[in-house]
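Heads up: the structure comes next, in structure tokens.
The values are calculated or read from the model by the stated rules, or taken from the named source; none is laboratory data. As the structure is a computational prediction, the values presented were derived from the model and not from experiment. Backbone-built Cβ (ideal geometry, glycine too); neighbour counts: all protein chains shown. To get the accessible areas, we keep the full protein, side chains included, count just its heavy atoms, and leave off ligands, DNA and RNA. Shrake-Rupley method; radii C 1.70, N 1.55, O 1.52, S 1.80 Å.
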Amino acid sequence: MFSTVAVNGEVRRWEDLRLHDFAQGFFFGAGFFTTFRIDNGAPLFLARHLARLQASLAAFPKAVRAPSPEHLPVASVRATLRRCLEADAGLGPDFTGVGKLSASDGRLLLTFRPAAVDAERLRQEGRALDAVEPGVYRSGEPTLNHKGLSYFRQYALMERLPLLGNEAGEVCELPTANLFFQLDGALVTPPLTAPCLPGIVRAVLLEAGRVGGLPVVERPVPLARLADVSACFFTNSAVLATGVPRLLGRELPGSLPLAEQVRALVEAVARREG
């Protein structure tokens, strides 16, 4: 992580922050966050990320002290981000990497980290998914729809990256990513009630309605139906879309070109939204 950060719009240094100013979030995990991609200094889907963050804060008003509303508008965060990039030669105005907004203790903390070292390899080669954790979620559990609460549940599983399922034998998500399956002539992603995180890229694809000739739909995906999947990819805001060339031991050669097509669509939407 880079040393330059911002707290409520003020550019600071990480090492100068006081722990007791963030006690609610640090000691009790009472907060929410969102991570977003930055390409050449431009944040992707910032308005969507802020809307999701504010929705989580509104859902738990007595548990998390939200930042002042003046720090949450898109224009305010964009200006803060630009000041950070200009203040740090290690970042610079053309920085490409990942930003993170954390809300707790009445403060909005903006931090930066480089893009993942394996991002380009994942883009070209994808990642196989060979493990399942059935029954780790309960269908309809609302806390898993909020980034922060879901992270606590997933943390121990992130390195293995298993498919997470619910007690009804349905797919929910991956740790830190949403799933899409080419199944029955459509691209199918589990519903929010599975549960899963309302991912930003997930929402973009559902709004688009189609990828190539395939409709994008939201419906339950039984674990038993994974044997019928002909392609698969997963999405998150940092890497957009990653193809799954092997799913539970089955080769899926169509996954990588499908993920490439999805990335192109998502990048086009991001350019239009600004």
Roughly how big is region 1-70's charge dipole about its Cα centre, with Cβ charges of +1 (Lys, Arg) and -1 (Asp, Glu), in debye to the nearest 20? 260
Cα centroid of region 250-274 to Cα centroid of region 92-155, whole Å: 19
For the chain, with +1 on Lys and Arg beta carbons and -1 on Asp and Glu, the positive-most of Phe180, Pro67, Pro93 along the dipole: Pro67
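What is the sum of charges around Phe22, taking Lys and Arg as +1, Asp and Glu as -1, for the other residues whose C-beta is under 9 Å from the C-beta of Phe22?
0
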Treating only the Cβ of Lys, Arg, Asp and Glu as charged (+1, +1, -1, -1), what charge dipole size does region 98-222 show about its Cα centre? Round to the nearest 20 debye. 400
Accessible surface of region 104-179, 1.4 Å probe, proportion on carbon and sulfur as whole %: 51
Charge dipole of the chain built from unit charges on the beta carbon (Lys, Arg +1; Asp, Glu -1), centred at mean Cα; most positive-end Cα among Ala131, Thr34, Ala103 is Ala103
Longest span of the chain, sites excluded, free of trypsin sites (Lys or Arg not before Pro) in DSSP loop with at most 15 other C-beta atoms within 10 Å? 161-274
Tell me, in nm to one decimal, what length is gained between Glu15 and Arg210 on full extension, where the rule is 0.36 nm per residue of separation less the Cα-Cα distance? 65.6 nm
Would you be so kind as to identify all helices of the chain, as entire DSSP H runs, whose Cα atoms reach 15 Å or more along the helix's own axis and whose mean Kyte-Doolittle hydropathy is at least 0.0? 46-59, 74-87, 255-273
List the extent of the Cα atoms of region 130-234 along each of their three principal axes, largest first, rounded to whole Å. 37, 27, 25
Region 98-128 residues near the modelled Ala203 label - backbone nitrogen below 13 Å, point 7 Å along Cα→Cβ: none
Residues with amide H under 5 Å of Arg12's amide H, sequence separation 5 or more or different chain, H placed in the peptide plane at 1.01 Å from N; which? Val5, Ala6, Val7
Along Cα→Cβ, 7 Å out, is where each label goes; now give me the distance between the ones at Arg272 and Ser3 in nm to one decimal. 4.3
List the residues whose amide H sits under 5 Å from the amide H of Gly140, counting only those 5 or more places along or on another chain, with H placed 1.01 Å from N in the peptide plane. Ala194
From the helices alone, meaning DSSP H stretches of at least four residues, give me the mean residue ellipticity at 222 nm for the chain, per-run term -39500 (n - 2.57), in deg cm²/dmol to the nearest 500. -8000 deg cm²/dmol
With every protein chain kept in place and a 1.4 Å probe, the chain has an accessible area per residue in Å² of 45
